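Working notes, beginning with the structure itself.
The values are calculated or read from the model by the stated rules, or taken from the named source; none is laboratory data. Note that the structure is a prediction, hence the values are computed from the model and not measured. So basically every Cβ, Gly included, is an ideal-geometry build from the backbone, and we count neighbours across all protein chains shown. Note: accessible area is taken over every heavy atom of the protein model, side chains too, but ligands, DNA and RNA are not part of it. Shrake-Rupley method; radii C 1.70, N 1.55, O 1.52, S 1.80 Å.
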Amino acid sequence: MVCLIHLQMFKPLDGLLTGLMEQSPEELGDLYLDVAEAFLEEGEYGSALPLLSALVCSERYNLPVVWLRHAECLKALGHMEVAVESYSKVVAMAPLHLEARLSLSTLQQQLGRPQRALDALEPMHDPDTLAQDAGAAQQELKLLLHRSTLLKSQGRPDDYTDTMLTMLAMLLKVAMNRAQVCLISSSCSGERHLHLIKVSRDKISDIDDQEAAYLDVIGKTSVLSREDWWQLLLDTVMVLCQRMRFAEAELLVDSSLEYYSFYDDRAKRKELEYCGLSAAVLDRNYRKAYSYIR
């Protein structure tokens, strides 16, 4: 049957499919799935859907991977509401499935449900896992990148800034340590948001394994290129200034100048210094502005 599908010889399949559908998916589920995936590969979504629907209703094949195929099939057929239900099922059964979360968020946004679109992009990992697992950190970065794009499109500047700062803090972890800068969560007007603060050296925890930390940075630059990170940094400095958070913009520049990949690039270093000078003047921190000019 699979060969006939790939040869696009669909007429001889009618009787075979009828016979297959008369069999229990509990016993022939593997064949159901093979045939359904062959139909999906050939773009025959209408033929794949009954097979996948039978599988997700079974006890043995009520699995995340099958629900994912079901959701993809429904989406391709334009059945967005039902596709959302299937993607939600995948996320409920496999919370760390990034692609399912991204697809669910996109559909919710298309259906005019901005908050549900954001809910699908809630953090997947706790801070300890992110610190120890490079793969989890890369996965979280992809999610944060999509979340930032969504927040910007929804006109939510404070939440957008939080997400941008979270991403940069993951990249600049060692550099922020050297600059004595921390990212903290604080409450203002009843809402909690992230802020950059300067702290004393004794408040900074040393990073014991510098080599491992920089290898972690290399992993993060595989998610976004160095140029993409650079643009993300400039965008964040600009947003902080637009939000009148000039002192934080200065701290972000200070941290970035401790990041060797940016500092060793003369053009980038010069642009960072101009950003720092502008932020210092706007913050009326004239002593620091003078140090940039000098």
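Using the Cα centre of the stretch 103-199 as the reference point, and only Cβ charges (+1 on K/R, -1 on D/E), how large is the resulting charge dipole? Debye, rounded to the nearest 20.
Numbers: 10 positive and 10 negative charges, 62 e Å.
That gives the stretch 103-199 a dipole magnitude of about 300 debye.
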Regression test value, accessible area per residue of the stretch 66-176, probe 1.4 Å, units Å², expected 44
Between (1) 1.87; (2) 1.13; (3) 0.99, the structure-derived Rg/Rh (Cα atoms, Kirkwood Rh) is (2)
Charge tally for neighbours of residue 256 with beta carbon under 13 Å away, counting Lys, Arg as +1 and Asp, Glu as -1, is -3
The stretch 1-70 and the stretch 120-189 have their Cα centres apart by a whole-number Å value of 41
Heavy-atom accessible area of residue 198, protein chains in place, probe 1.4 angstrom, given in Å² to nearest 10, is 120
Rounded to the angstrom and largest first, Cα extents along the principal axes for the stretch 1-104 equal 40, 26, 20
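First compute the accessible area of the chain with a 1.4 Å probe, then give the percent of it belonging to carbon and sulfur atoms.
Heavy-atom surface of the chain belonging to carbon and sulfur, 1.4 Å probe: 52 percent.
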